[in-house]
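Note sheet for the following structure.
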Amino acid sequence: MQTDSLSRAQQYSAVTRRQFLKAGLVVLLPQSAIASVDSNPDVVIVGAGAAGIAAAHSLIKDNRKVAILEGRGRVGGRAHTETTTFNAPFDVGAHWLHQGRRNPYNSIAQNFGFDVEPVVENLRDNYRLFATDGEAGENELKKIFKIYDELSKAIGRSSNAGKDIPVSVATEQIVGRWSDTAKFVLGPWDMGKDLKDISTVDWWKSTEVAVDYVCRQGYGAVVARYADDLNISLNTTVKGIDWSGKDILVDTTNGTLRTKAVIVTVSTGVLASDAIKFTPQLPLDKQESFHKISMGMYDHIALQFSEDIFGMGRDGYLMFEIGNDGKGFATLTNASDTGIAYCDVGGDWARELSSRPVDEKIDYALGEMERMLGSSVRRTFVTGTATDWRNDKWSLGSYASADPGAYKLRWTLRQPVADRIFFAGEACHRTHWATVDGAHRSGQGTAKFVSRKLG
Ligand SMILES: Cc1cc2nc3c(=O)[nH]c(=O)nc-3n(C[C@H](O)[C@H](O)[C@H](O)COP(=O)(O)OP(=O)(O)OC[C@H]3O[C@@H](n4cnc5c(N)ncnc54)[C@H](O)[C@@H]3O)c2cc1C
């Protein structure tokens, strides 16, 4: 079913994994301190993830000069592909191109010659589901789809009645066999949060999509390629933004810059941690928005197998019955024929696992696989790894969503401060939050707004 860009209020029946200012910039320290800063840029962009990259392209197209400052030694932020662990592309962060055909990164990828394709036309044909007592059939799978629809409707009723409450409360009447598994799909697997931590209104107003695309070479590889022609200062951490004077002073590990406008694209996790000191402090409601549009936890435990032990070809989904503690994972199998299975954990379980050694996480995922598929799992296992976005200091979580009762703070988060400090990034998009395309659109939109302000 191809139903791109419909809000949940319009479309709630697909169980998918999110499928489911113009002034010269003055370098106060020696110019060489920030090697790649263009001379006399108009805007400073903090962060070179999807939002920062899109903002930079947009401003440059408008003939604005920009300085893009990135703390890491690489671009892409939470969209990053590495090829060393598996000798094949592995997306450490984002993997699925959500909203299918209309995702701007779909055409960007194709223009650069990447291979982009839909995951599956009909998800129901590409799932294997296991109950605690063995493999479950098509009927059990249909029950999960049906319960998911019931969950969606219950959230919609609550949201439409103006009740911004925890999704767990709005859906507490929905119980019985497979309900916890369906709740896992909607919460930890999709939002990186347990239902108690998700706002009904926020969820209902977000965009859900039906067909995800994947890029054979990795989503992160496309984002990095799109940044190739940009002049980005890597290893340049922004420590403070002083907006007390006429100009803004951006204090970095490589020197201090002076400008009239800043676009901040770092995650709400980073903003809430006070890693960037604003002088004077930002308004209290703005600070509150950093904390209450809070980061979810979502991680990949990635396992590579030498054979297709799942029997679904490329890009299948393996699910198993999960209890009300959310302790489990769902798996994208044989991603783009690489033999890599993305066993994805989310919510409180991902938080708990994050501090454990990588080997322990791998063993946990292998054990669950073995329970379902038998000895072929350990026999064909090649190697594995696990991500830990919670402890990644440049992100401090996977992606953001509103806490119950905090939906209104989405608006606050998006607002500029004093028409000089602007915010962009996945959490700032109205409906496509928690996605790369949402970050891209937010960066682009904010840049256009800033460009108009520059006059
Ligand atoms: C495990 C995981 C799976 C995901 N799966 C998907 C998916 O399948 N599909 C999808 O669309 N989305 C997915 N997402 C979400 C997606 O990755 C993000 O929404 C998106 O990449 C965010 O882009 P951004 O530009 O807003 O933020 P970021 O990518 O976080 O960019 C912000 C940048 O700012 C930098 N930075 C931070 N602090 C500083 C500082 N003080 N100074 C300078 N630079 C700084 C960071 O290093 C980073 O590069 C996933 C995320 C995770 C973690």
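So here's what we get for this one:
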read-out	value
Ellipticity estimate at 222 nm from DSSP helix runs (n ≥ 4, -39,500 (n - 2.57)) divided over the chain, nearest 500	-8500 deg cm²/dmol
P(r) weight above 17 Å for segment 318-455, C-alpha pairs, percent	70 percent
Whole-number D in µm² s⁻¹ for the chain, Kirkwood Cα-pair radius fed into Stokes-Einstein, 4 °C, 1.567 mPa s	58 µm²/s
Segment 78-144, relative contact order [Cα under 8 Å, separation at least 6], %	15 percent
Close Lys-Lys pairs in segment 246-399, where close means Cα under 30 Å and separation is 8 or more or interchain	17
Segment 185-282: proportion of alpha-carbon pairs further apart than 23 angstrom, %	54 percent
Charge dipole of the chain about the Cα centre (unit charges at C-beta), most positive-ward option of Tyr148, Thr265, Gly137	Thr265
Where labels lie 7 Å past Cα in the beta-carbon direction, separation of Asp308 and Lys239 in nm	5.4 nm
Relative contact order [Cα under 8 Å, 6+ residues apart], segment 193-302, whole percent	20 percent
Percent RCO, i.e. relative contact order, over segment 159-223, from Cα pairs under 8 Å lying at least 6 residues apart	43 percent
For segment 401-455, the spread of Cα positions along each principal axis, largest first, Å	39, 25, 12
Among 184-193, 46-55, the order from most to least packed when residues are scored by Cβ within 10 Å on average	46-55, 184-193
Integer Hz, Karplus 6.51/-1.76/1.60 couplings in order for segment 51-64, x for Gly and Pro	5, x, 5, 5, 4, 5, 4, 5, 5, 5, 4, 7, 6, 8
For segment 277-282, 3J(HN,Hα) per residue [Karplus equation, 6.51 cos²θ - 1.76 cosθ + 1.60, θ = phi - 60°, Hz, x = Gly/Pro]	8, 9, 10, x, 4, 6
Highest average packing first - 401-409, 435-443, Cβ atoms within 10 Å	435-443, 401-409
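No value in this document is a laboratory result; all are computed from the given coordinates. Nothing here was measured: the structure is a model prediction, and the numbers come from that model. Ideal geometry is used to build each Cβ from the backbone, glycine not excepted, and the neighbour counts take in all protein chains shown.
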